[in-house]
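Quick notes on the structure that follows.
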Amino acid sequence: MTATLITNIGELTTNVGALRDATVLIEDGLISWVGPSAGSAAESGSGSPPMPAADEIVDAGGRAVIPGFVDSHSHIVFGGDRAAEFEARMAGQKYAAGGIRSTVAATREASDDELRARVRGFVDEMLAQGTTTVEMKSGYGLDVETEQRLVRLAAEVTEEVTYLGAHVVPVEYADRGDDYVDLVVGEMLDACAPHAKWIDVFCETGAFSITQSRRVLEAGIARGLKPRVHASQLGPGDGVQLAIELGAASVDHGTYLTDDDVAALAASDTVLTLLPGVEFSTRQPYPDARRLIDAGVTVAIACDTNPGSSFTSSMPFCIALAVREMGMTPAEAVWAATAGGAAALQRSDIGVIAPGRRADLVLLDAPTHVHLAYRPGVPLVQRVWKDGVSVWRKG
Ligand code: NIG
Ligand code: FE
């Protein structure tokens, strides 16, 4: 059994109460003890338990430690990129769901090894920015063989794999959306379900109608997959209500929520996952997180890393946007990017620093979590542990 003690933590964000001058003990991949640092004011004379012994001691030097980020929404198994589309958008063109089809063509052409190398590159990039858990969707294959390749490749690197055969209707099914849905809930589901945990659908004008979305989600649920939904990204719609009705873990985007959507979310167990990188990169209005949180909605933040609507993999960047543009406090944004992401994936073993949870931790090169929003664009991640193993460090 190896034990690592991270001590002299200036500010420890646990998501079950912040601590100053703290110490965390990691044993066998789990957090086994959280308490005051030796000689800290909290310890002296307070009768708190003695600091346990360890094989390795890491001095955090008064800096902040937070849980590893849980990025609950990404589409990183794809070929090519769409930089030209982004450039055109910045010159005034509107984002439309149809751009997905050009990534589908590039993805179908890419070999497994090319896609694998790409995914591993993104995962490393994410790790260096403090992300220790990432969900990955298929959705750039849109034929049976390629969708199955995508969920299989995703499953090589994460347990949070989502089958998104219903991302958009592929060109070969133009004007035959219902026929494509037959495939998605039939042969394609058969091929993908063994590799996936989640079923998702892009419920939006230009993608799938509410009736089609219901078919997709119900077929996935019948196969043992758990539902999550893309909804209200390009305009208001019924996707949020459908997600809640079917007990989705999360409904994602929510750029155009009605008052009824907000009330229904607040009364439900469905998390609303905000994706501020999308509004940044598509020049759409930022949704009002303040309104959601004040109404009692559980809010997560994720990157939605994809070549079209949001090609950032940086949770710190998304936190900065959520604070600056969506009205969240820095503490709320960090919660949403850690415990919120865990809730969106229905995971109770991550997102919190407490005994018995997985030791997924980020040491920041900053005195407090506030710096994540206060110093946007600055690489503040000093060191990352995943399952108790030091997997990344700066310099
Ligand atoms: O989450 N909304 C649908 N899917 C992605 C966009 C994919 C793309 O443009 O390639 C999203 O924003
Ligand atoms: Fe998405």
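Which one is nearest to ligand 2 (Cβ to nearest atom), of the residues in segment 176-188 that are open to solvent by less than 10 Å² (accessible area, probe 1.4 Å) and under 13 Å from ASP143 (Cβ atoms)? Only one residue tops the list, namely VAL184.
Could you check segment 129-166 and list, in sequence order, the residues that are within 15 Å of the chain's Cα centre (by Cα) and either among the hydrophobic types (A, V, I, L, M, F, W, C) or assigned to a loop (DSSP other than H, G, I, E, B) (or both)? Before you say what the answer is, go through the steps one by one.
Within segment 129-166, the subset within 15 Å of the chain's Cα centre (by Cα) is 129-138, 154, 157-162.
The answer is GLN129, GLY130, VAL134, GLU135, MET136, SER138, ALA154, VAL157, THR158, GLU159, GLU160, VAL161.
Going by what's in this entry, would GLY395 be described as without any contact (Cβ under 8 Å) to a residue 40 or more places away in the chain and at positive phi? Yes, satisfied.
Sub-8 Å Cβ pairs linking a first residue in segment 307-324 that is touching a residue at least 40 places away in the same chain (Cβ under 8 Å) to a second residue that is aromatic (Phe, Trp, Tyr) and surrounded by fewer than 24 Cβ atoms within 10 Å (Cβ to Cβ), at least 6 apart or interchain, are GLY308/TYR95; SER309/TYR95; PHE311/PHE86; SER313/PHE122; LEU321/PHE280; LEU321/TYR286, ordered by first then second residue. Just name the residue that is nearest to THR255 (Cα to Cα) out of those in segment 176-205 that are in a strand (DSSP E or B) and in contact (Cβ under 8 Å) with a residue 60 or more places away in the chain. Selected residue: PHE202. Number of residues in segment 301-335 that are under 22 Å from VAL262 (Cβ atoms), touching a His at 6+ places or on another chain (Cβ under 8 Å) and within 16 Å of ligand 1 (Cβ to nearest atom): the value is 2. Contact map, segment 89-105: residues that are in the same structural domain as LEU164 (by TED's automatic domain parsing) paired with residues that are in a helix (DSSP H, G or I), Cβ distance under 7 Å, separation 6+ or inter-chain. Pairs shown: ARG89/THR282; TYR95/ARG89; TYR95/THR282; GLY99/GLU85; ARG101/VAL171.
Taken as a whole, segment 167-175 holds no residue that is closer than 19 Å to THR255 by Cβ, in a strand (DSSP E or B), open to solvent by less than 10 Å² (accessible area, probe 1.4 Å) and in contact (Cβ under 8 Å) with a residue 60 or more places away in the chain.
Here is a yes/no grid of residues against (1) of a type in the set (Asp, Glu); (2) open to solvent by less than 20 Å² (accessible area, probe 1.4 Å); (3) closer than 27 Å to PRO67 by Cα:
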{"position": "THR103", "(1), (2), (3)": "no, yes, no"}
{"position": "GLU135", "(1), (2), (3)": "yes, yes, yes"}
{"position": "TYR140", "(1), (2), (3)": "no, yes, no"}
{"position": "ALA155", "(1), (2), (3)": "no, no, yes"}
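When restricted to residues that are in a loop (DSSP other than H, G, I, E, B), more than 26 Å from THR103 (Cα to Cα) and not hydroxyl-bearing (Ser, Thr, Tyr), segment 304-344 contains 2.
Results for (1) surrounded by fewer than 24 Cβ atoms within 10 Å (Cβ to Cβ); (2) within 28 Å of GLU125 (Cβ to Cβ), shown as yes or no for each residue.
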| site | (1), (2) |
| --- | --- |
| GLU147 | no, yes |
| VAL151 | no, yes |
| ILE199 | no, yes |
| THR211 | yes, no |
| LEU217 | no, no |
| ALA231 | no, yes |
| GLY239 | no, no |
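Looking across segment 337-360, the residues that are within 16 Å of the chain's Cα centre (by Cα) and either open to solvent by 20 Å² or more (accessible area, probe 1.4 Å) or closer than 18 Å to ILE26 by Cα (or both) come down to ALA343, GLN346, ARG347, SER348, ASP349, ILE350, GLY351, VAL352, ASP360.
Close Cβ contacts (under 9 Å, 6 or more residues apart or on different chains) running from residues in segment 1-16 that are under 25 Å from ALA336 (Cα atoms) to residues that are among the aromatic types (Phe, Trp, Tyr) and modelled with pLDDT of 95 or more comprise ILE6/TRP385; THR13/TRP335; ASN15/TRP335.
Table: residues versus (1) modelled with pLDDT under 95; (2) within 16 Å of ligand 2 (Cβ to nearest atom); (3) basic (Lys, Arg).
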residue: ILE100; (1), (2), (3): yes, yes, no
residue: THR103; (1), (2), (3): no, yes, no
residue: ALA106; (1), (2), (3): no, no, no
residue: ALA117; (1), (2), (3): no, no, no
residue: ARG120; (1), (2), (3): no, no, yes
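Selection within segment 265-284: residues that are loosely packed, with under 15 Cβ neighbours inside 10 Å and closer than 19 Å to GLY239 by Cα. The member of this set that is farthest from ligand 1 (Cβ to nearest atom) is ALA267.
The values are calculated or read from the model by the stated rules, or taken from the named source; none is laboratory data. Being a predicted model, the structure only gives us computed values, none of them experimental. Here Cβ is always computed from backbone atoms with ideal geometry, including for glycine, and neighbour counts include all displayed protein chains. Protein only, heavy atoms only, side chains kept; ligands, DNA and RNA dropped before computing areas. Shrake-Rupley method; radii C 1.70, N 1.55, O 1.52, S 1.80 Å.
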